[in-house]
Amino acid sequence: MAHNNLNLKLKVWRQKNANTTGAFVKYDVNDISDEMSFLEMLDVLNEKLIVTGEEPIAFDHDCREGICGMCSLYIDGKPHGPWEANTTCQLHMRAFKDGDTITIEPWRSNAFPIVKDLTVDRGAFDRIIQAGGYVSVNTGNAVDGNSLPINKDNADASFAAAMCIGCGACVAACKNSSAMLFLSAKVSHLALLPQGEPERKSRVLNMVAQMDKEGFGSCTNTGACEAACPKEISIANIARLNKEYLRAGLTAE
Amino acid sequence: MLNAKIPAGKLEEKWVDYKGHCKLVNPANKRKMEVIVVGTGLAGASAAASLGELGYKVKAFCFQDSPRRAHSIAAQGGINAAKNYQNDGDSVFRLFYDTIKGGDYRAREGNVHRLAEVSSNIIDQCVAQGVPFAREYGGLLSNRSFGGTQVQRTFYAAGQTGQQLLIGAYQALERQVALGNVTMYARHEMLDVVKIDGKAKGIIARNLITGELEKHFGYAVLLCTGGYGNVFYLSTNAMGSNVTAAWKAHKQGAYFANPCFTQIHPTCIPVSGDHQSKLTLMSESLRNDGRIWVPKAKGDNRKSIDIPEEERDYYLERRYPAFGNLVPRDVASRAAKERCDAGYGVGTSKQAVYLDFAAAIERYGKTEVSKQGLSNVSHEEIIALGKEVVKEKYGNLFDMYAKITGENPYEVPMRIYPAVHYTMGGLWVDYELQTNVPGLYALGEANFSDHGANRLGASALMQGLADGYFVVPYTLGNNLADEIYNAPIPTSHPAFEAAEKAVADRINTLKNINGKQSVESFHKRLGKIIWDKCGMARNAEGLKQAIAEVQALKKEFWSDVRIPGEINEFNPELDKANRVADFIELGELMCVDALARDESCGGHFREEYQTPDGEALRDDENFMYVAAWETTGEHEWALHKEELKYEVIKPSQRNYK
């Protein structure tokens, strides 16, 4: 396939660590093939920086196939950039035009402190899971997998919620830095399955309490999270979360 | 000869007997015993969670920002288990047999049979954790078929089985973190094993945020750190996947087994240019409906759709009429390479073949016409109906292909080429998953034990979880039962101090080279050497050249690499430099191993050893052994052999014609 080369201007957030203030730094990148991924474009820039004695830009990434949830980046005001239902690592340079200026920022949220440049600490998500995002079953206790049939619609809806890759785009997209879409996906995944039933009430109460403790903001139902989610997690999960929370609150001991 | 300590007795009774007689550690003692788990993929997360549940004090380490991100997450297809839910003749024995045969008779019978035995428990455990496997309308679990088998035994969760299984194990792990049984160290990398009196007693880890070195004591160290496919630079592995933990163990005396056994997956999106950082897999399931071809004429530059049917060479169907496009991975990969090397490749790089869905689209379209009872349907309408069916089956893969290549695979054939995907080799372990260094274990892809010279699809997830959930909780206790008399060793012990100093010195040396070339540029050059000379096909002359080239590259790396930034800060370039330095040394050993194995088997294809029609030619008389390498000095290794005894299965030549 024929491809084009692009010359671009980048405005990248640089910040040495959590204790220093950061600033935008401008870079020119030239002869970028539009077949490259966005992260490969940053690789090219970093190689140039290293050879000229500058520090490369730190950004998180790992699988580069849209599933590990490690990559982030707020690109031109959108988490994971301009393509819908997409992660930054799967964004390709044909999304841009020659001469474009691209602004690149880290996830912006108090609950995700900056580690360096574009890298943030998303440990808050792990702590929310620790608060109750599991089924309390020890290895070796399980009965036969087919002993408990599960309605296919529920199994499919549970799976649709479980597709969450924990990247944090929903938090970054939200003007309040709310983690409700993430939490709702986690609560829905287990609330829709019979295995999740015994701990259904305590799970939602404890996970919501931990979310609040981490400093995430409130949900005002703007839907920005759903629009930014690379796995198209539905905002209907937030409605289910609210129902689960009310139900637990009204019927708890 | 190495002793794998496989229990005596009948094959199907070995594991049962072992479990009935192994030593136990009582709950009060478990609470006093610290155990270190490095890596939190399927093997590590399942092991850390299970050991925490048993009461051990577990310390778990991963280099990612969260244990949920380990590369097990990227597995697409599924996980095998001998449930026989389909009533199609599956059994523990059949899963065992398929795995041994798929591995081209280079795996251990005892281990593989145990794997097949516990496979059913894995599915039950995952369901109990809330893993949302695909289900039928009756509410029961769904299965599909995979390569190398004649039964449907693969359980799956759409195209992201790996992520769902890992989330299950991760959630179990986080539960133990909440209960205080597991301490999690994310963004930490293990940089050495600490040995005291010949036993593994801890690790040196580097906090990747601050750059500080930490000393951690443990009664045992479990390495669950995955495979080493990134030695090739380009692979389907995650960018961070590395051999460092396993290599450090090797440098501390652990044998590295069958390093040259690597799996090249036939259907990946081809390389598009020098900028390429990683390769993306297109699931094996596509070969059910796609037909693979190249032009019949050399150097044919026409567009795919302009090449008429009679001028296309469906080379797999031609060479392997019985299995056609569904031959095993190693066979399909070699056939693609053969065509491209002979000048028939397609695309700008000429290093690609077509995977074409046109025939499937038309076939499905016609089926829809008859299903829906339509008449007077135009060809265009048939094609439109067929595309709908294909979209439902493979839509997410077609979308991913379109994003990466900018081409529409509904209109033009996909271009594919083989890519490095999995490594069957790894640290040598005995039946208990213990390396030859007492107290040091290797689980999952990091060990060598179950897949022989070629792994079957949907078996990697099975092995990782078998090792972590159902094997190591028993075998670890058997060894730790003797350790209860020994007090924990403080990390002020001279052995810890010395290990920490050695790690710090190495980092300082690396950082102070202050050369001119980036880490990445060395990694790329290493990858090219290994791919060209120790990739899909190897020969003695090429391997000898590769060894010399890698040795020279090592010298150049240690005199001219440039690492920006500081040691005591978040510095991904420094992390990468450490890993690439280890990959270079491993690369040499892979070539040494490939050169010593004068036969072809599974993924190891030595050009000198092939049948007249180009198939792998095994030499069971001389090479039916595991090659376990001991490091004896710079560029020097000693070979230890573990004889493979086939007591139940009779090895034969694989035939797919």
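Which residues, counting only those in the stretch B:151-185, are within 23 Å of the chain's Cα centre (by Cα), in a loop (DSSP other than H, G, I, E, B) and polar (S, T, N, Q)?
Of everything in the stretch B:151-185, those that are within 23 Å of the chain's Cα centre (by Cα), in a loop (DSSP other than H, G, I, E, B) and polar (S, T, N, Q) turn out to be B:152, B:160.
For the stretch A:106-130: of the residues being touching a Leu at 6+ places or on another chain (Cβ under 7 Å) and outside any helix (DSSP H, G or I), which is farthest from the other protein chains (Cβ to nearest Cβ)?
Among them, the one singled out is A:106.
Restricting to the stretch B:618-655, give me the number of residues that are polar (S, T, N, Q) and part of a strand (DSSP E or B).
From the stretch B:618-655, those polar (S, T, N, Q) are B:622, B:631-632, B:652-653, B:655; that's our starting set.
Cutting the leftovers down to part of a strand (DSSP E or B) gives us B:631-632.
Selection size over the stretch B:618-655: 2.
Within the stretch B:121-145, restricting attention to residues that are surrounded by fewer than 24 Cβ atoms within 10 Å (Cβ to Cβ) and more than 8 Å from every other protein chain (Cβ to nearest Cβ), which residue is farthest from residue B:604 (Cα to Cα)?
B:142
Name the residues in the stretch B:1-37 that are touching a helix residue (DSSP H, G or I) at 6+ places or on another chain (Cβ under 7 Å) and under 26 Å from residue A:135 (Cβ atoms), would you?
Selection gives B:19, B:30, B:35, B:37.
Please enumerate the residues belonging to the stretch B:585-623 that are aliphatic (A, V, I, L, M) and under 29 Å from residue B:252 (Cβ atoms). Outline the logic, then answer.
Applying the first criterion (aliphatic (A, V, I, L, M)) to the stretch B:585-623 yields B:586, B:589-590, B:592, B:594-596, B:616-617.
Answer for the stretch B:585-623, where residues must be aliphatic (A, V, I, L, M) and under 29 Å from residue B:252 (Cβ atoms): B:586, B:589, B:590, B:592, B:594, B:595, B:596.
Does the stretch B:66-76 contain any residue that is among the polar types (S, T, N, Q) and more than 8 Å from chain A (Cβ to nearest Cβ)?
Taking the stretch B:66-76 as the starting set, the residues that turn out to be among the polar types (S, T, N, Q) are B:66, B:72, B:76.
With more than 8 Å from chain A (Cβ to nearest Cβ) added as a condition, the list becomes B:72, B:76.
Within the stretch B:66-76, one or more residues are among the polar types (S, T, N, Q) and more than 8 Å from chain A (Cβ to nearest Cβ).
Which of the residues spanning the stretch B:26-37 are out of contact with any His (no Cβ under 9 Å at 6 or more places or on another chain) and either at positive phi or touching a residue at least 24 places away in the same chain (Cβ under 8 Å) (or both)?
B:27, B:29, B:30, B:31, B:32, B:33, B:35, B:37
From the set of residues in the stretch B:57-78 that are outside any loop (DSSP other than H, G, I, E, B) and in contact with a helix residue (DSSP H, G or I) (Cβ under 7 Å, 6 or more places away or on another chain), which is surrounded by the fewest Cβ atoms within 10 Å (Cβ to Cβ)? I'd like the intermediate steps shown before the answer.
Of the residues in the stretch B:57-78, the ones outside any loop (DSSP other than H, G, I, E, B) are B:57-61, B:67-69, B:71-74.
Restricting the remaining residues to those that are in contact with a helix residue (DSSP H, G or I) (Cβ under 7 Å, 6 or more places away or on another chain) gives B:58, B:60, B:67-68, B:72-74.
On the way: B:58: 27, B:60: 29, B:67: 27, B:68: 29, B:72: 32, B:73: 28, B:74: 24.
It comes out as B:74.
Which of the residues that make up the stretch A:222-253 are touching a residue at least 24 places away in the same chain (Cβ under 8 Å) and outside any helix (DSSP H, G or I)?
Correct list: A:222, A:229, A:230, A:231, A:232, A:233, A:234, A:235, A:252.
Please state which one of B:528, B:544, B:501, B:511 is charged (D, E, K, R), assigned to a helix (DSSP H, G or I) and within 14 Å of chain A (Cβ to nearest Cβ).
B:511
Residues of the stretch B:1-40 being more than 28 Å from residue B:255 (Cα to Cα) and touching a Pro at 6+ places or on another chain (Cβ under 9 Å), which ones?
Result: B:13, B:32.
Spot the failing condition for residue B:457; the list is (1) outside the structural domain of residue B:145 (by TED's automatic domain parsing); (2) in contact with an Asp or Glu (Cβ under 6 Å, 6 or more places away or on another chain); (3) of a type in the set (Gly, Ala, Ser), and only one is missed.
(1)
Based on this model, can you work out whether residue B:311 counts as within 30 Å of residue B:653 (Cα to Cα) and surrounded by fewer than 17 Cβ atoms within 10 Å (Cβ to Cβ)?
The answer is no for residue B:311.
The values are calculated or read from the model by the stated rules, or taken from the named source; none is laboratory data. These numbers were taken from a predicted model, which means no experiment stands behind them. Positions of Cβ are generated from backbone atoms using ideal geometry, with glycine treated the same way; all protein chains shown enter the neighbour counts.
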